[in-house]
1. What is the magnitude of the charge dipole of the range 403-536 about its Cα centre, with +1 placed on the Cβ of each Lys and Arg, -1 on the Cβ of each Asp and Glu, and no other charges, expressed in debye to the nearest 20?
2. Mind ordering 90-97, 317-324, 232-239 by average Cβ neighbours within 10 Å, highest first?
3. For the range 58-97, report the accessible area per residue in Å² (1.4 Å probe, heavy atoms, rounded to an integer).
4. Counting Lys and Arg as +1 and Asp and Glu as -1, each charge on the Cβ, what is the dipole of the chain about the Cα centre in debye, to the nearest 20?
5. Mind grabbing the base-10 log of I(q)/I(0) for the chain at q = 0.11 Å⁻¹? Debye formula, identical points on the C-alpha positions, no solvent, two decimal places.
6. Using 32 Å as the Cα-Cα cut-off, could you pick out the over-long pairs in K270/K309; K466/K502; K124/K391; K311/K335; K175/K528; K175/K220?
7. For V470 and E153, what is the calculated FRET efficiency with R₀ set at 60 Å and r taken between the beta-carbons, to the nearest 0.05?
8. So for the chain, taking the charge dipole from beta-carbon charges (+1 Lys/Arg, -1 Asp/Glu), which of A337, V89, L504 sits furthest toward the positive end?
Amino acid sequence: MEPQTQAKKSNLVLILDYGSQYTHLITRRIRSLSVFSLCINGTSSLDSITELNPRVIILSGGPHSVHADGAPCFPSGFIEYVESQGIHVLGICYGLQLLVQNLGGVVKVGEKHEYGRMEIEVQKNYGLFGNKQIGDKQVVWMSHGDEAVKLPEGFEVVARSNQGAVAAIENREKKFYGLQYHPEVTHSVEGMETLRHFLFDICGVTAGWNMEDVLEEEIKVIKALVGPEDHVICALSGGVDSTVAATVVHKAIGDRLHCVFVDNGLLRYKERERVMATFESDLHLPVTCVDATEEFLSKLKGVTEPEMKRKIIGKEFINIFDIFAHDLEKKVGKKPAYLVQGTLYPDVIESCPPPGSGRTHSHTIKSHHNVGGLPKDMKLKLIEPLKLLFKDEVRAMGKIMNIPVAFLRRHPFPGPGLAVRIPGDVTAGNSLDILRQVDEIFIQSIKDAGIYDEIWQAFAVFLPVKTVGVQGDQRTHSHAVALRAVTSQDGMTADWYYFDFKFLDDVSRKICNSVRGVNRVLLDITSKPPSTIEWE
């Protein structure tokens, strides 16, 4: 989806990312105000900024010092560009320091570093704090070692921390503003109010971005892109993203979309029957179901290395997909031209190199997040209708298209399926069957307790260890399983879900009493970071 319409472009808030762990949060917060917001690398070229024609530019925070060699910075000519176009600029944390340093001020290593919750006091009741009184105090989230000690000409301090450090600055004439704290995090209690005041009252942005318009625009883009005789293929995983993406394309081009759902033998309990019923009965999508259980499991036999498992699964998917595409070509008389993918904005953000890292590509993301290598002779062009959306926005779009709410609320499920939830050989013994049963009991218990929607993702993990137990007055030597449930906004960071002890007690009893081969249940209580959500 490209922000093509004039309404969107004239209200675009562009975020230049300098590596803060909170950058994606700024994008989300602004979109929650019904304003379109995009995030690009802070060292992007001036051309790539001017092409987007932003109304407002936000310079994000970051882990660097403006004094360090190779510290990331906006491109040459940026200041002249924003001044000539009358673009409002807000620097946050590192972004504030970049503005100060590049406009003739001085940034030094602070005598006292400020990290975590701090109190600030309003010094001027106009501009950024035009809706406050002088002397008003608020709690904010600080994270900086450097501080602005001399402001550029025309700037003034509009708030200070309780240690006396500069907390907010502005040059209203030139439309430059800066906050030394992070208004986008929930710890900054009045941060959203400040962002709202800045965007609507200072910058004059209007709130007009909504999912109905996004959907309509995307359908137009797909219709214009895909020729009247072209055919499009899509691999459906049974998850929300690929389903919503396929439904958007189906709305645009009808039955020239051809979907395939592959049962790789690594699905959850009755997953195939459940998702195929939704595809056929509720969404009326043209879907071919391929049972490739034998092909996948035979190739995975004896393989224990996590990345190797992913590669085997990815390669086998491509083989199945290739056969599907060639069969389709025979049927319709021409090669399919496009491939639909449910790539989301966090995947795009995670795939960008961290600014200031000196790299032109990202850290290796787990390969199940990435587009697998397609067969060379396929030469498919990508359609990614969701690539600028967050998960909650995808669900909102799905709701507009009448995808059942229960389906849209489904927790994410990884591409390699249960293979990443069975450390070691997934084909050993009956580990897949045991895991399916445990997972079904856990998820159904969560639904019965009415807490499914509070959780981002919940699942069971089969542990390749046997433990001693006592069941039916006999000693047993059976398997241990782990339960994992996390809360998150978009999967980039996550915290473990705080279950009621009575709930955990009931689930543990149900599992040990119902699933043959399990005599111990563990709970994973680590956040992301340091852990990932999945175990492999």
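1. 300
2. 90-97, 232-239, 317-324
3. It amounts to 34 Å² per residue over the range 58-97.
4. For this selection, approximately 700 debye.
5. -1.05
6. Result: K124/K391; K175/K528; K175/K220 exceed 32 Å.
7. E(calc), rounded to 0.05, equals 0.15.
8. Positive-end residue among those listed: L504.
The values are calculated or read from the model by the stated rules, or taken from the named source; none is laboratory data. Keep in mind that this is a model prediction, so the values were computed, not measured. So basically every Cβ, Gly included, is an ideal-geometry build from the backbone, and we count neighbours across all protein chains shown. Each accessible area value is taken on the protein alone, full model and side chains, heavy atoms only, with ligands, DNA and RNA left out. Shrake-Rupley method; radii C 1.70, N 1.55, O 1.52, S 1.80 Å.
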